[in-house]
1. For the chain, what proportion of DSSP beta bridges, expressed in % and rounded to the nearest 5, is antiparallel?
2. Add -39500 (n - 2.57) for each DSSP H run of 4 or more in the chain, then divide by its residues: what number comes out at 222 nm, to the nearest 500 deg cm²/dmol?
3. Give me the Debye-computed log₁₀ of I(q)/I(0) at q = 0.13, 0.16, 0.22, 0.27 Å⁻¹ for the stretch 1-52, equal point scatterers on Cα only, no solvent, two decimals.
4. Determine the per residue accessible area of the stretch 190-239 with all protein chains present and a 1.4 angstrom probe, expressed in square angstrom.
5. Accessible area of the stretch 131-250 with a 1.4 Å probe: how many percent of it is carbon plus sulfur?
6. Anyone know which of Gly208, Gly120, Gly90 comes out most mobile in the 10 Å Cα GNM of the chain?
7. Tell me whether the stretch 98-225 comes out rounded, prolate or oblate; compute the Cα gyration tensor, take square roots of the eigenvalues as a ≥ b ≥ c, and use a/c under 1.5 as the rounded threshold.
8. Scan [x] 19; [y] 25; [z] 13 for the value of percent of Cα pairs over 35 Å apart calculated from this model and give just the label.
Amino acid sequence: MSTPPDAPLALIGYSPAAARALRTAGLIAVGVPDENLGAVMGACRTLRFSGALVHESREVATAGVVDPDASARRAGRVDAAAFTAGGAQGTYALADALTDAVEASGYAARGAGALLLGSGGELARALPLMRLGFTSVGIAADSVPDAERFVRDLPAGLRAFPVSRFDPALASLAERADLIVLTGGTLPPGLLQPYHTLADLTGRVTPGASGAATLNLGLLPSLRLARQLLHATGQRYRPEDLTELAGGLA
């Protein structure tokens, strides 16, 4: 099955305003039903859609009806899909886009230590960051077994310390970290210190909290959209050209 160059892009869980915004940018975008997603995916392939963008509210459900890549499997979420002869191929573009954003910020990761905090699949968003040259990482999840399941996905040679986010030992682990990445939940009181840099993916931490520097992730939405569109359409877009559009899809 070959996809025509003008194949439409499916939008799952998005508002009609999102479809209009994408059409303004030159993309043929069509909202499709967001229930019975297995049947919807099959219909999109039959109608020769190129792929789909998936709203955050439908990412978990979509992961269950597509063939997910490694990033999507780790997160248990899919934010973009491509329709091929073999089926629907899903990815979780946010994970690699976060790495792009940290690199764009100029943060010096090589040789630094990191602490990732979150619950379940939230932590998978930050795992690709460990390819930037960190030497050690603490992984704080709701339980030690939850944290341990992410260790096998880390680069070889990286020292990993899985811990429960409710363990008092978390404080001493944070003391050895340079970058703290909050992927979900809240920061324990007193954990953030002035020598830390915080990457807040929740948007709930007050900038400058405890005197710590806050990593500028302003490019993240457009970097993510560029990766989503590449996966779903095969077309490359410059993130800097997607800033306004990405804001309209939030």
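1. 20 percent
2. Helix-only estimate at 222 nm: -8000 deg cm²/dmol.
3. Debye output, listed in q order: -0.29, -0.44, -0.78, -1.05.
4. On the way: 2610 Å² over 50 residues.
For the stretch 190-239, the solvent-accessible area averages 52 Å² per residue.
5. Carbon and sulfur: 53 percent of the exposed surface of the stretch 131-250.
6. Comparing Gly208, Gly120, Gly90 in a Gaussian network model of the chain, the most mobile one is Gly208.
7. On the way: a/c = 1.36, a/b = 1.13, b/c = 1.21.
Judged from the Cα gyration tensor, the stretch 98-225 comes out rounded (a/c under 1.5).
8. Looking at percent of Cα pairs over 35 Å apart for this model, the match is [x].
The values are calculated or read from the model by the stated rules, or taken from the named source; none is laboratory data. Source: prediction; values computed, not measured. Areas reflect the complete protein model, heavy atoms only, side chains present, ligands, DNA and RNA absent. Shrake-Rupley method; radii C 1.70, N 1.55, O 1.52, S 1.80 Å.
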